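Following: one structure in structure tokens, then a few remarks.
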Amino acid sequence: MDHNPYLQPALVSPDSHKGSIEKVGEIKNMIWQNRAAPPTAYENHLGDLLEQVFVAGIADLPAVVAKLNELDGHAPDGAPWNEANFQAVMRELGKE
């Protein structure tokens with residue numbers, strides 16, 4: 001399962017990144033998954049591209065961004081990746 005069907009986006013705690021993924025008693029806690037919905041096609045594609053980047057041994061931000069662009073990856077708005085938009089997207093995806 002790629003998401004927790006019991007987790008509703010409206011119930012996600014703003015402190016979810018601090019270890020609290022839901023309001024106690026309101027939903028069932030599936031410890032292994034704290035996503036409220038399955039990943040989008042874009043998120044899956046980005047994950048596949050990042051896997052290729054990391055398998056290639058690339059880990060520093062400028063090189064990650066360059067490799068994503070080399071692999072024809074793009075930001076959600078269709079623009080080429082740069083350090084700022086990559087960090088913004090990772091920050092946003094990390095909230096889920």
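Read the figures in this text as sums done on the coordinates, not as results from a lab. Note that the coordinates shown come from a computational prediction; the quantities given were computed from them, not determined experimentally. As a convention, Cβ positions derive from the backbone with ideal geometry for all residues, glycine included, and neighbour counts pool all protein chains shown.
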**OP:** Treat the count of other C-beta atoms within 10 Å as a stand-in for reagent exposure and order Leu61, Leu71 from fewest to most.
**Re:** Leu61, Leu71
Original post:
With labels modelled as points extended 7 Å from the Cα through the Cβ direction, what inter-label distance (nm, one decimal) is found for Ala88 paired with Gln52?
Top reply: 2.4
